[in-house]
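Let me begin by handing over the structure; questions about it come next.
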């Protein structure tokens with residue numbers, strides 16, 4: 001257990017500034033429950049876009065992305081879009097991973113200075129088509145599950161969060177990071193569900209799974225409420241249940257994607273039922 005055991009506020013322990021949180025170079029070995037590294041950062045364990053791109057390069061994921069009839073939209077392709085000219089170096093500098101090539105500069109109708117830049121596909125949300133990175137076991141459901149069982153028990157929150165982070169649970173790991181299109185047309189061509197913003201029905205199912213995974217901590221909660229010495233937690237088992245859910249759901253979503261694209265069927269992530277998929 002980490003040395004930092006004082007009771008934290010309900011949000012601090014879910015940030016990258018919290019003691020046991022750890023960002024490392026590479027995919028493996030990070031500890032994170034935060035959504036703090038949204039941009040593509042090569043070799044950054046907390047960059048879920050980078051993790052998602054690396055996952056998308058492997059089977060069965062690459063089969064979905066590469067099923068698009070236009071090869072320039074494949075995982076190995078490149079796309080073009082406008083970025084703020086002041087931020088251009090973020091895409092064109094050596095080692096960024098975008099391998100950006102600057103094109104025409106122009107001024108938008110709003111007066112913003114923009115430059116077209118060609119980048120590696122999916123390293124941004126605009127290339128090759130609109131896309132977002134979806135956390136399969138989504139962050140809000142994990143937090144809400146922990147907060148529900150640890151209500152009025154800040155020490156229990158710390159116990160659960162520290163346990164996961166000490167065991168190197170990374171909610172941004174590649175197996176939990178799934179790149180999804182934002183457009184129905186791309187959904188029909190790849191078979192992947194579209195993702196744009198929140199997904200309350202999906203999140204509700206994930207929350208139920210998280211609460212089931214946290215069942216062993218209910219005994220600890222009751223002991224803490226009675227000011228009794230509490231039982232020993234098992235963060236290893238909790239981590240396993242969360243990671244197993246990510247792997248299972250990824251496999252099932254990709255399996256359904258193959259069937260969807262055979263029918264040119266567009267779907268939404270909020271129509272996906274994690275409860276049903278986990279029961280398969």
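The values are calculated or read from the model by the stated rules, or taken from the named source; none is laboratory data. Keep in mind that this is a model prediction, so the values were computed, not measured. FYI the Cβ positions are ideal-geometry reconstructions off the backbone, even for glycines, and counts take in every protein chain you see.
Give the residues of the range 25-57 that are modelled with pLDDT under 95 and not in a loop (DSSP other than H, G, I, E, B), sorted by residue number.
Residues satisfying the conditions do not exist here.
If you scan the range 17-32, which residues turn out to be buried (at least 17 other Cβ atoms within 10 Å of the Cβ), out of contact with any helix residue (DSSP H, G or I) (no Cβ under 8 Å at 6 or more places or on another chain) and within 17 Å of residue 175 (Cβ to Cβ)?
Residue satisfying the conditions is 30 alone.
Might you check whether a residue that is assigned by the TED database to the domain that holds residue 211, in contact with a strand residue (DSSP E or B) (Cβ under 8 Å, 6 or more places away or on another chain) and surrounded by 18 or more Cβ atoms within 10 Å (Cβ to Cβ) occurs anywhere in the range 240-253?
Let us first name the residues in the range 240-253 that are assigned by the TED database to the domain that holds residue 211, namely 240-253.
With the extra rule that they be in contact with a strand residue (DSSP E or B) (Cβ under 8 Å, 6 or more places away or on another chain), the set shrinks to 250, 253.
If we keep only those that are surrounded by 18 or more Cβ atoms within 10 Å (Cβ to Cβ) as well, we get 250, 253.
Yes, the range 240-253 contains at least one residue that is assigned by the TED database to the domain that holds residue 211, in contact with a strand residue (DSSP E or B) (Cβ under 8 Å, 6 or more places away or on another chain) and surrounded by 18 or more Cβ atoms within 10 Å (Cβ to Cβ).
Name the helices (runs of 4 or more DSSP H) wholly within the range 58-157 that hold at least 3 residues that are buried (at least 18 other Cβ atoms within 10 Å of the Cβ) and in contact (Cβ under 8 Å) with a residue 40 or more places away in the chain?
Values: elements: 61-65, 89-92, 139-149.
Answer list for the range 58-157: 61-65, 139-149.
Within the range 196-209, does at least one residue satisfy the condition of being assigned to a loop (DSSP other than H, G, I, E, B), buried (at least 23 other Cβ atoms within 10 Å of the Cβ) and out of contact with any strand residue (DSSP E or B) (no Cβ under 7 Å at 6 or more places or on another chain)?
Initial filter on the range 196-209 (assigned to a loop (DSSP other than H, G, I, E, B)): 196-199.
Cutting the leftovers down to buried (at least 23 other Cβ atoms within 10 Å of the Cβ) gives us none.
Scanning the range 196-209 turns up no residue that is assigned to a loop (DSSP other than H, G, I, E, B), buried (at least 23 other Cβ atoms within 10 Å of the Cβ) and out of contact with any strand residue (DSSP E or B) (no Cβ under 7 Å at 6 or more places or on another chain).
Filter the range 241-275 for residues that are over 16 Å from residue 194 (Cα atoms) and free of Cβ contacts under 8 Å to residues at least 40 places away in the same chain; which is farthest from the chain's Cα centre (by Cα)?
241
Please go through the range 33-55 and give me each residue that is in contact with a helix residue (DSSP H, G or I) (Cβ under 9 Å, 6 or more places away or on another chain) and surrounded by fewer than 22 Cβ atoms within 10 Å (Cβ to Cβ), ordered by number.
Matches in the range 33-55: 34, 35, 37, 38, 39, 41, 42, 43, 44, 54, 55.
Could you tell me how many of the residues in the range 254-280 are surrounded by 16 or more Cβ atoms within 10 Å (Cβ to Cβ), in contact with a helix residue (DSSP H, G or I) (Cβ under 7 Å, 6 or more places away or on another chain) and outside any helix (DSSP H, G or I)? First the steps, then the outcome.
Just the residues of the range 254-280 that are surrounded by 16 or more Cβ atoms within 10 Å (Cβ to Cβ), to begin with: 254, 256-257, 260-261, 266-270, 272, 274, 277-278.
Next, from what is left, pick out any that are in contact with a helix residue (DSSP H, G or I) (Cβ under 7 Å, 6 or more places away or on another chain): 254, 257, 261, 266-267, 269-270, 272, 274, 277-278.
Of the ones still in play, those that are also outside any helix (DSSP H, G or I) are 266-267, 272.
Count: 3.
For residue 188, all conditions in the list (1) surrounded by fewer than 16 Cβ atoms within 10 Å (Cβ to Cβ); (2) in contact (Cβ under 8 Å) with a residue 24 or more places away in the chain; (3) assigned by the TED database to the domain that holds residue 253 hold save one; what is the number of the exception?
Only one criterion in (1) surrounded by fewer than 16 Cβ atoms within 10 Å (Cβ to Cβ); (2) in contact (Cβ under 8 Å) with a residue 24 or more places away in the chain; (3) assigned by the TED database to the domain that holds residue 253 is unmet by residue 188, namely (1).
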